[in-house]
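The structure under discussion appears below in the form of structure tokens.
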Amino acid sequence: MRWKIHTKDRVGMVLDVLNIFNIHEVNIQAMEVLPKEIFIKFDTQPRQDKLKKELEADRDIEFIEEITVLPIEKKERQLSETIEAVSEGIMSIDQQGRVNGLNQAAQNILNLSGENSLGKHVSKVLNKDVPMLRTLRTGKGYENKEMILNINNSQVHYITTGKPIKDDYGNTMGVVATMQDMRQVRQLVYSLTKPNDITFDQIVFNSEKMTQRVELAKLSARSEATVLIQGESGTGKELFARAIHNYSERNKQPFVPINCAALPHALLESELFGYQGGAFTGARKEGKQGLFEFAKGGTVFLDEIGDMPMHIQVKILRVLQEKTIRRIGSNHEIPIDVRVITATNKPLQELVNNNKFREDLYYRINVIPINIPPLRERAEDITILAEYFLDKYQTVMDKHVGTFSEKARQSLFSYYWPGNVRELENVIERAVILTPINEDIDVYALNLEQKLSEETDDGKTLKEKTDAFEKKLLLEAAKKHQTTRKIGNALGISHTAVRKKLKKHRVETIVYKNGN
Ligand SMILES: Nc1ncnc2c1ncn2[C@@H]1O[C@H](COP(=O)(O)OP(=O)(O)OP(=O)(O)O)[C@@H](O)[C@H]1O
């Protein structure tokens, strides 16, 4: 039973009310006092009317009202509902280290039930090394600590921040900690840093060669087989890998790319497989989850796999064969559920022949090979890609330019494109910047002839370099001379040889447009 007693505001009022309750031997459960209002929660009485009458007989008591909750109870309920509504886990302990609060999110993150935890010492519920206990001793809070604990036979991984609860004298009366599941944190970081909505619609092409590759990639997305995407730098390997992931049944789970060439070997290993606490000097005490574990249910994209050191190749083979990993420094096998897509711009078969890449791994990753041809071998894609990027950068820059001038189009065709689609994209982006509003893109804005003479692509074979040089000479001669015969004379070859070479480099239009 709860009453709100409206009184006059005088000294000793509360004592008088308590005396009357005392005379009637009523057990008071809770009491709150505000100016002119006393709120009392007490055990229900058989002779309540008598008690009420006696209180009302006091001339300083104005009237008594029955209520359903005390103001403090209302606040408490609002607070606990708020605590239950937030997505972060919240746990609190009292001065003795006993758990006195644990919301549903914390129970989920920690794999615990409130019933089995409340009232117990936190060292028994979690671990004796939890930072909450340090805060209880020192009165100092902590921020964003990564924790990996074994609770009820399963591993929990979360980030936690804790603060001491202090009384008016600065004594620590307890600690409250918030926690976030590590997987959610990573997914958040991941979704913020990399949009993962690449679909096959964003792969632009016109050529038969690319049509075949895209069809094969779509088929591969429907299976779980390992895909090996090979192609020169900038041909769109990562684009393909992302599109395959998004077309597959794993598309609601993470796509985790890792560039095997960009990380130092020691770091690559721990990034991929994680490590057990104390595995090496500098390792975090709690250990660390690797990307294979993090990608659970999703796809790991091993880019530049040709640069992967041999000792890690062995471990990747195990992942593919046994679908388990071992963290560095641990003997414990952790089952993993990921699909692996790999890519390289190195000739893997050659690396195998030279004992630089494991043969068994090569066959294991090469279940579905997708070879993306360089842009110069699919000239039919140049126009559609150039127009696609032209649209893209006009939108990005909010600037309207016209179309490509005829000469600009020709130079797009005749260029060698050592940097493939990435280079084409950069060239068009720069051209949109350089071209005045509403004017057509001219050959000067593309600046490709200049690029051709500056090109020092050392990764190219002799044949590729010779071809590029031949094409350059051919184009220079074609600019000066209008007929295949005159070009032939200038270059010291027959006019039929000129025709063949123009065809080979797909630049016939330059000469034939002039009426030859
Ligand atoms: N067919 C295509 N359609 C649209 N954009 C493309 C296409 N191919 C490549 N691109 C774009 O070109 C750029 C390079 O592509 P991507 O990074 O996928 O190439 P890569 O082969 O993985 O390169 P690297 O080997 O250097 O990592 C990206 O901006 C990508 O969006």
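The values are calculated or read from the model by the stated rules, or taken from the named source; none is laboratory data. Bear in mind that the values here come from a model prediction, so they are computed numbers and not experimental data. Here the Cβ positions follow ideal geometry from the backbone for every residue, glycine too, while neighbour counts run over all protein chains shown.
Points worth noting:
- Count - residues of the range 251-262 that are under 21 Å from Arg213 (Cβ atoms) and either more than 12 Å from the ligand (Cβ to nearest atom) or aromatic (Phe, Trp, Tyr) (or both): 2
Yes/no matrix, rows are residues, columns are (1) at pLDDT 90 or above; (2) surrounded by fewer than 19 Cβ atoms within 10 Å (Cβ to Cβ):
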| site | (1), (2) |
| --- | --- |
| Arg409 | yes, yes |
| Tyr416 | no, no |
| Arg422 | yes, yes |
| Ala431 | yes, no |
| Leu434 | no, yes |
| Ile441 | yes, no |
| Gln450 | no, yes |
| Lys480 | no, yes |
| Thr484 | no, no |
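- Check on Glu350, exposed (fewer than 13 other Cβ atoms within 10 Å of the Cβ) and within 27 Å of Phe240 (Cβ to Cβ): yes
So that you can scan it fast, the table gives a plain yes or no per residue for (1) in contact with a Ser or Thr (Cβ under 6 Å, 6 or more places away or on another chain); (2) within 16 Å of the ligand (Cβ to nearest atom); (3) at pLDDT 90 or above:
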position	(1), (2), (3)
Thr281	no, no, no
Gly329	no, no, no
Val338	no, no, yes
Asp360	no, no, yes
Asn366	no, no, yes
Glu377	no, yes, yes
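- Within the range 211-249, the set of residues being of a type in the set (A, V, I, L, M, F, W, C), surrounded by fewer than 21 Cβ atoms within 10 Å (Cβ to Cβ) and within 13 Å of the ligand (Cβ to nearest atom) comprises Val214, Leu239.
- The number of residues in the range 29-76 being surrounded by fewer than 13 Cβ atoms within 10 Å (Cβ to Cβ) and among the aliphatic types (A, V, I, L, M) comes to 3.
- Scan the range 309-341 for residues that are assigned to a strand (DSSP E or B) and in contact (Cβ under 8 Å) with a residue 60 or more places away in the chain and the total you get is 3.
- Counting only strands (runs of 3 or more DSSP E) that sit completely within the range 1-53, those holding 2 or more residues that are more than 14 Å from Phe63 (Cβ to Cβ) correspond to 28-34, 37-42.
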